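Enquirer: I'd like to ask some things about the structure below.
The values are calculated or read from the model by the stated rules, or taken from the named source; none is laboratory data. No experiment lies behind these values; they were computed from the predicted model shown. Using ideal geometry, Cβ is built from the backbone for each residue, glycine included, and neighbour counts are taken over all protein chains shown. Areas reflect the complete protein model, heavy atoms only, side chains present, ligands, DNA and RNA absent. Shrake-Rupley method; radii C 1.70, N 1.55, O 1.52, S 1.80 Å.
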Amino acid sequence: MNEEEGHRSAVPRSLEMTGRTVDEAVIAALEELGVESDEVKVEVIGEGSRGLFGLGGRYVKVRVTEVDQKERWMRRGRRFLEEVVQGIGVDLSVDGRVQADGSIFYDLRGSRAGLLIGRRGQTLDALQLLVRQVVSKVAGERVRVLLDAEGYRQRRAMSLSNLARRVAQEVRQTGRPVTMEPMNAAERRIVHVTLSEDPSVETHSEGKDPFRRVVVTPAQTDRAEEGTGTPARSSARAVGENGSDGQPGRSDSEAASDFSEDVQDRSEADPRG
């Protein structure tokens, strides 16, 4: 896998080739195009007759056409995942597709998919990072890649949404902020989105990955109405003053970094694809 493969013309190339068998003709075409078998579509377009006076063997004619660029990237990533699955001896199938928004989605299917999910999806997240790096290297640019296994991402998203609502209810009842467990950026986004339309609470993130957490606090208007006489602070300002370790006096640059990461949490792509 070299980087120049990612910079080929976006226009798929096509080549017709003959051989004594389909395999022979396809192999010759692949060598001519300089691509792998999983990067092309193959059509058998004819079978040649014997030569003059019936001498010589029959031959077949094939048309070998490159798939489009993103399809090619998807197939490279799928091959990588198949090699990983085969290497650990797990009987799983790997489905892949290019989605309408241009992202690449893979789904691991099989009764033992749980082995590649891990605790709270940590193994799946690590494998997603690896396949994203493989695809991005082939493409020569950053490509958004999502990996799921037997619908785990959707189940996890529903679980997090329910948890977020329960936490919001606790915050409303107690008037105190609640810090949730560490989550990756996509999971934090689910919490932010779930509670974004709840006017009684606000969310922001604190800390550094992999220990970055969502903090759910009473809404500013709710805090201002408590009659303390102290204007409510924005969540970004609170992070800047207190920090993830609870120590005061963090610099403006540190506060700005946290705010930037908080924005990233909210814009991170939804893993459900």
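Enquirer: Dividing the convex hull volume of the alpha carbon atoms of region 63-202 by its residue count, what do you get in Å³ per residue?
Expert: Value for region 63-202: 131 Å³ per residue.
Enquirer: Going from the alpha-carbon gyration tensor of region 60-114, what semi-axes, largest first and in whole Å, does one get by taking the root of 5 times each eigenvalue?
Expert: 25, 16, 9
Enquirer: Of all the accessible heavy-atom surface of region 147-201, with the other protein chains kept in place and a 1.4 Å probe, what percent is carbon and sulfur?
Expert: Carbon and sulfur together cover 46 percent of it.
Enquirer: Take the Cα coordinates of region 139-228, assign each an equal point scatterer, and use the Debye formula without solvent to give log10 I(q)/I(0) at q = 0.15 Å⁻¹.
Expert: Here the Debye-derived log intensity ratios amount to -0.62.
Enquirer: Using 1/(1 + (r/R0)^6) with R0 = 35 angstrom and r between the beta carbons of Arg120 and Glu82, what's the FRET efficiency to the nearest 0.05?
Expert: After rounding, the FRET efficiency stands at 0.90.
Enquirer: Could you do me a favour and compute the accessible area per residue for region 75-183, 1.4 Å probe, result in Å²?
Expert: Spelled out: the 1.4 Å probe surface of region 75-183, per residue, equals 52 Å².
Enquirer: Using the crude model of +1 on Lys and Arg Cβ and -1 on Asp and Glu Cβ, and no other charge, please compute the dipole size for region 109-209 relative to its Cα centre, in debye to 20.
Expert: That gives a dipole near 340 debye.
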